[in-house]
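Take a look at the structure set out below.
The values are calculated or read from the model by the stated rules, or taken from the named source; none is laboratory data. None of the values given here were measured: they were computed from a predicted structure. FYI the Cβ positions are ideal-geometry reconstructions off the backbone, even for glycines, and counts take in every protein chain you see.
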Amino acid sequence: MTETMINYQYAQPSVLLKSAAHESLLLSNYSEVQKGSVAPCFFWGKLHKPFLLSRCLITLSNVVQSSFNLSPAESAKLKDPIVTAGNGKLRFEGFSHCAGVYARVDVLPDGLDGEFIENGTTNVDFNQPMISALGGIRPEEQVMLSVGSQELSLHKEGGTVLEKKVPLPLKWIKGLTTVQIFLSESAISHTFNKLQALQLFQGIPKGVLKNDYYLVNRGNRPLFSPLKSPGAVCIGGLQRLRLLEPLLPYLDKLCVFPHPGMQSTTWQLYFGPLRFSLSLSRESWRGFSGEGAALEALIEDVPDSWVDAMDKYSYANQEFNPSLLAVEEDLDFRQVENLTGRLAAMGLLGFDLDDNRFFYRRLPYRLDRIMSLNPRMRDAEKLILEAKVQIVSRHEGKVDARVEGSGLKHTVVLEGEKARCTCTWFSKYQGDRGACKHVLAVKKMITNI
Amino acid sequence: MIEAYLDILEEGRKDLLIPFLKSYTAKERHALVQTIKKEERRLDKYEFRGNGKYSRIATDEQLWILSVSTFICFGSEDRKALQGWTWRAYQDMDEILEWHCPSWFSSFIHGLKDEEFLPVPYLYVLDWQEKGYLSASPELLAAILPMSIYVKDDKIAHSFHFRPEELEKNPTTLEQHIWYLFEYPSIVNRVERFLSVIAGEKEQEKWMDVIQRLTKSGQMDRMRVLKESLLAVNRNFNKTQTAWFVDLFLLLNPVEKELIWLQDQLFSALSSVQSKAVGAVLILFKKLYAHPDFRRTDFIAQLSVLFSSEVKSVAKTALSIAEKIAEAAPDRRQDICIQAINIFLSKDEALQLQSAKLIRKYGDMDNTELKEAVVPYTEAILMSVRPLLQPWLTTLEPGQAGDQGGPGQLEEGDPLQFRLISADHRIPELKDLTDLIFLAGQSMDNNEPYHFDLLPAAILQFSKEITGETIAQLEPAFLRAYKANSQWSSGLGLFDRLLAAFLISYSGYLTVQFPEHASGLIKLKKQYPTGDLDLDSWGRRIDCHLFDPFKMIFDSVLEQIKKGTSIPLLSTSTHTPSYIDPGILVQRFKAYQEAGAEPDAMDVQLALQRCALDDPGEALGMAQSELQGEYKALLTYFLDKNASLDGEVIHPNWWLTAAILRKDGQIPQALKAEAEQEVLQALFKGEFEWKASLNEYLAYGEYNYETGKSERYKAWSPEILVKYPVHASKKRARYLFVEYFFEKELQEAWETDVPRLIFAFPNHPDLILSSRINQYLKISYAESDGLRALIKMLMSLRQLNGELSPLGNLIVAAGMLHSDKTVRGYAAELWFERVEERRITSAETGRILGLLERIEWAPLKRLTDLMMSHMMGLSTAHHMALEELIVALLSQLETEPVKNLKKLLEIYHELIALNGSVADLEKIPQLKTWHITGSLKKVVGELLSKQL
């Protein structure tokens, strides 16, 4: 199968420039949806915690270089993270190759002193020389950061345009949408200080772990246990947490946010005005990209006019307020009620665990690309189109339906929040990995009736 | 055209092929694709030539023709099909590429770079690049360059000449390409390992020496090599490749001036994920720290990470450098002391002592910041180290010490009231047919072990409500049943297949009963015509009797359905994992009593096996007031421990099972005649002897290319053998449920079946564990299935709410010594929970561990590491229990010390200090002998200074 390619065109490679007075970290940016041919400059200013930010970015680069289900040759490739600048904040996001580990570095307003020239989301070039140079930033150093180049002259100085033609990171794009939904459903369960965090991570068994581990409290001591017990946080592929180890000696605190259905865990590290969060998928061989969390949110269509309105009224990192959108665009309040999930599934929103709110962030990829990434939803739509869905009864909140499968009919029953199907997928996962196409088809059909 | 091609191929005329293909257009050539594929299938295979020899049908010429014509005629890149010509015809590509260079040529060659050994040599790629056929990426060049200095011998197959001068053939190689080795993954570190190099002047040289020589000669810039080698350690290469660059850097022996100049890269290498790089840099810093230009501030900033390292040597070396800096620079002492506290995360006594001495020497006793930094670590600091830090620890406010990371307190007292069944563990009952339909779909997924029992019970319960419409809704479940029994699937066990067989038999019944609605079922049956999938065929397909009693219960369900009755099964679990509420059991017996029907014998026995017996009072009253005859007598005898067998024994097997489950070793008079057989005697006894041993065997070592054989060496396999009798030829006419487990020596179940087997005996798991342990506790053969089965055994034991059985205790103890870390973790956690719930006698676990370690059944280090990581610092109760365990363990050991005994004694010493107790010389008289043993003298001396 021919892979879809994407051609990142950076004005120059990202670089850490040294001068007598200070160092400058210039992150080159590119987005396939940017307007005009010149990538805009999003931020230019001073970093308050350059040593810690450099460590966070190195860890982010380790995440994007890592892979927990692919061959080593694949994992050595470095992919470019995306950055969202605006509302006084910078957020760097990236995924592991296998799309099972999501990492985000948030630089909060106190961590920056500079100018947000534009707001938006973009890919930034991450290259090995720059990452290696980041390792040399010292605690007391003065560092300026530029996301995109402020001066055109710099492009010229930088020499040739850097082109990276790589397979389109479909898994990333889909994972970026799905993980936000998991995050929005997660809630804090544990807070650890530095000592507790270090002790906890010391207990991660060596090597690749095939079975699940559980975060439990033993006396006052948190521990990773292979035994499931009530209230324990389930973590698959525990060894992935080792990615955080280099950051532990610097943290102020570590908070754990498990998904209520234990489909993911997020480990958020706090360093003053910086935060590093790492989200792990349910198991190391399962990427966020394959999870069906976003599917339910896509059952109802979002009119194009709403997406345009979002672009008009929102700017990057701004807290998303669906009511405001309804007022501004004169939309029915009931219609926008579940809008956040849908917009997140379309790559238009990110989720901030500390604020417990969605924020506006439009992925730097074409919307049609993003929407084409949900085959289960496409299959569900096909079932409806081919008239293979039959609603047998519908009363008192209970829907009984039959959906044609291959050679036989599946029974789908919806009762309140609960949905059941007789197909193999549902029987196996019991809804843990998102709804099956049969349930989606029935839900979509009754929504549109 | 095809005929002409086949002639060329048949005669192996290489010389004719290219002119022949050239004479056609691309479209015409493409018409040959099918012929090429067909001929390749025919010729590219091996044939038996007699005398045990095989050889390929095709000649070398024919293979060449096939490969080249594949390259020329196939219209697109088909990696698998094209692979052949890269081996056989790359030398002849010039002639081809000048008139046929497909658009995918470059991408195909690049795709090869992920191969372990690239079939196309470096110089050919350079040549093709020069001629414009491809544009080689740095990744590709890095991947193919390592092989370039090894040139194939023309005569001796698979042999190579070492020719480093090849690197000088093209100036770009040393100017540019060789540097890609430092940036991209390659086999530069291991290319020599699998090559047979012909003896010559420099055959001992390897890539590393080549680079060293090129550096000496000035052909490679020395500073750049040093710099790039350091940068390579952070390029996400694997462990061995990273280590190779570290070795290269050290081989070049950089001098002080160079190291000072390279500090940026050296500090950056401290962030490498590979500890070898970190360790190497620290050793260099050890020589460098006194240099005026050494960046001390940067080094101190790294200390918190270095001191937190899990690699002891990293923390140790960093600490010794920090000590030297503290000595020389008083203004840095405060910073260093604060960082040194991180060391206390390590449980290594020597390291903690070294750090404490540094703090004691350089730390300011009145410094508040230092005090505040030490306090949170109090509980992590070993008792022997604490006196050194007293000035900072004594100023603690009462109660402050245990606030962070300290052990919690467990109240002393009686065992917690632990009920076998509770409302939290109630298995949800099925409400209606819809529930049955969805249960049927998932019952073979093993989502819950009890689904196996629940489904037949539910089908029986709702059998009269099944209609034609329901049959259609059950079709997906029937389809899954057919699939389960005709395809292999890793997640399915024999229990799942038995359940599938039951469903297939049930679908047969429905086909007869509802012919007008059975078209779907008939269609399904036709799709799987092999037969032998239903319940009647079960015995024909499997030579194992473990599942026979379960099958008999399924048979009885089908029989009831056919008869039109639906009296509930007795044995369906009511509470997880598999217990039955005794009150409900009485009601189920009553249903049979009222219907005047006789329950299935296996169903009765399984029900008794699963009945929760810890609080039977109410159920006993119910049985006595509501049941009659044999039911009443049986349940009275079963539920009341003090009752004696009283009443007519109509069904001796019911009574035998009840008597065995009382676990008092007594055989009632009325049953003695039935219980003469050896197996039954053993079952009544209920205890199984075991023996641990180390069995010698010849293990396989490295493969020797000269002899063509693997080397063999002596090794010892730790095994545990539980003794249990089997029926062999002396079979009884009618078996008890449990007797099927003792039918013969080896009856294999699959790992997924283990929980359900154990859950057939929640009150007496040793009845099933006895025949499983010998298979699953073989540590040296710990392959994945056996390992998973062992983990499942531990998980299932954990779910059983009763006391840990003797064999359960053996599994936990042996688990703590297992070679697999997950198994050890499980065993330690099980111990933790049971200590917390006071449902384990740690002395018994310790006694078993002692018996095992007496023969050094497994390295004691596994246990001491486990104690440090999982069993200490948890609570006072756990510290007490661990001390109890260690005393029992030590008391079983011989006076000749076993390996790593010192560490165990150190832990014992730490526990004594924590628990405020003293060494138990009465139970461990061996301490006296150990006291005069060199390496143990110190720790035993300390122990004996605090004795009873």
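A few comments on the model shown:
- Test for B:ASP221: is it free of Cβ contacts under 8 Å to residues at least 24 places away in the same chain, more than 20 Å from A:LEU248 (Cα to Cα), more than 35 Å from the chain's Cα centre (by Cα) and within 11 Å of chain A (Cβ to nearest Cβ): no
- Residue list for segment B:224-264, filter: in contact (Cβ under 8 Å) with a residue 24 or more places away in the chain, part of a loop (DSSP other than H, G, I, E, B) and away from chain A (no Cβ under 14 Å): B:LEU252, B:PRO254
- Put simply, of B:ASP435, B:ASP445 the only residue that is within 11 Å of chain A (Cβ to nearest Cβ) and touching a Lys or Arg at 6+ places or on another chain (Cβ under 9 Å) is B:ASP445.
- Scan of segment A:343-396 for residues that are among the acidic types (Asp, Glu) and not in a loop (DSSP other than H, G, I, E, B), ordered by number: A:ASP352, A:ASP368, A:ASP379, A:GLU381
- Boolean, B:ILE341 is buried (at least 21 other Cβ atoms within 10 Å of the Cβ), in a helix (DSSP H, G or I) and within 11 Å of chain A (Cβ to nearest Cβ): yes
Condition check ((1) surrounded by fewer than 22 Cβ atoms within 10 Å (Cβ to Cβ); (2) outside the structural domain of B:GLU139 (by TED's automatic domain parsing); (3) within 17 Å of B:TYR184 (Cα to Cα)) across all residues:
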site: B:GLU228; (1), (2), (3): yes, yes, yes
site: B:ARG235; (1), (2), (3): yes, yes, yes
site: B:PHE245; (1), (2), (3): no, yes, yes
site: B:LEU248; (1), (2), (3): no, yes, yes
site: B:ASP264; (1), (2), (3): yes, yes, no
site: B:GLY279; (1), (2), (3): yes, yes, no
site: B:LEU282; (1), (2), (3): no, yes, no
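- Inside segment A:382-396, residues that are surrounded by 13 or more Cβ atoms within 10 Å (Cβ to Cβ) and either within 11 Å of another protein chain (Cβ to nearest Cβ) or among the aliphatic types (A, V, I, L, M) (or both) make up a count of 4.
- Residue satisfying all of: in segment B:29-49; outside any helix (DSSP H, G or I) and under 15 Å from B:VAL68 (Cβ atoms); modelled with the highest pLDDT among these: B:LEU32
- Within segment B:775-784, being free of Cβ contacts under 8 Å to residues at least 60 places away in the same chain and not in a helix (DSSP H, G or I) holds for B:LEU777, B:ALA782, B:GLU783.
- Filter pass, B:LEU454 being under 19 Å from B:PRO755 (Cβ atoms) and either at the interface with chain A (Cβ under 9 Å from one of its Cβ atoms) or not small (Gly, Ala, Ser) (or both): yes
- Here A:GLY407 qualifies as surrounded by fewer than 18 Cβ atoms within 10 Å (Cβ to Cβ), modelled with pLDDT of 75 or more and within 30 Å of B:SER519 (Cβ to Cβ).
- Options A:VAL399, A:VAL413: the member that is over 23 Å from B:LEU479 (Cα atoms), within 14 Å of another protein chain (Cβ to nearest Cβ) and either among the polar types (S, T, N, Q) or part of a strand (DSSP E or B) (or both): A:VAL399
- Conditions (1) basic (Lys, Arg); (2) over 24 Å from B:GLY491 (Cβ atoms); (3) touching a residue at least 24 places away in the same chain (Cβ under 8 Å); number of the one not met by B:ARG712: (3)
- Yes/no for B:ALA356 being modelled with pLDDT of 95 or more, crowded, with 21+ Cβ neighbours inside 10 Å, closer than 19 Å to B:VAL278 by Cα and not assigned by TED's automatic domain parsing to the domain that holds B:GLU906: no
- For segment B:23-61, the set of residues classified as among the acidic types (Asp, Glu), loosely packed, with under 13 Cβ neighbours inside 10 Å and within 20 Å of B:GLU11 (Cα to Cα) consists of B:GLU47, B:ASP60, listed by residue number.
- Some residue of segment A:413-420 being at pLDDT 80 or above and β-branched (Val, Ile, Thr): yes
- Among the residues examined, A:LEU243 does not qualify as within 26 Å of B:SER796 (Cα to Cα), of a type outside the set (Lys, Arg) and either within 14 Å of another protein chain (Cβ to nearest Cβ) or over 16 Å from the mean Cα position of the chain (by Cα) (or both).
- Conditions (1) among the small types (Gly, Ala, Ser); (2) free of Cβ contacts under 8 Å to residues at least 60 places away in the same chain; (3) surrounded by 14 or more Cβ atoms within 10 Å (Cβ to Cβ); (4) away from every other protein chain (no Cβ under 14 Å): number failed by A:GLY431: (4)
- Residue in segment B:329-338 that is within 38 Å of the chain's Cα centre (by Cα), more than 20 Å from A:SER132 (Cα to Cα), away from chain A (no Cβ under 14 Å) and not basic (Lys, Arg) present: no
- Of all the residues in segment B:795-828, those that are surrounded by 20 or more Cβ atoms within 10 Å (Cβ to Cβ), of a type in the set (A, V, I, L, M) and facing chain A (nearest Cβ under 10 Å) number 3.
- Top-ranked residue of segment B:704-727 - restricted to ones that are among the aromatic types (Phe, Trp, Tyr) and part of a loop (DSSP other than H, G, I, E, B), ranked as surrounded by the most Cβ atoms within 10 Å (Cβ to Cβ): B:TYR724
- Just one of the numbered conditions (1) under 22 Å from A:GLY347 (Cα atoms); (2) modelled with pLDDT of 90 or more; (3) more than 23 Å from the chain's Cα centre (by Cα) is not true of A:LYS35: (2).
- When B:GLY363 is tested against (1) more than 20 Å from A:LEU251 (Cα to Cα); (2) within 11 Å of chain A (Cβ to nearest Cβ), only condition (2) is not met.
- Within segment B:63-81, considering residues that are at pLDDT below 65 and not in a loop (DSSP other than H, G, I, E, B), the one farthest from B:LYS37 (Cα to Cα): B:ARG79
- Of all the listed residues (B:ASP615, B:ASP600), the sole one being buried (at least 19 other Cβ atoms within 10 Å of the Cβ), in contact (Cβ under 8 Å) with a residue 12 or more places away in the chain and of a type in the set (Asp, Glu) is B:ASP600.
- If only residues of segment B:469-496 that are part of a helix (DSSP H, G or I) and aromatic (Phe, Trp, Tyr) are counted, the one that is farthest from the other protein chains (Cβ to nearest Cβ) is B:PHE495.
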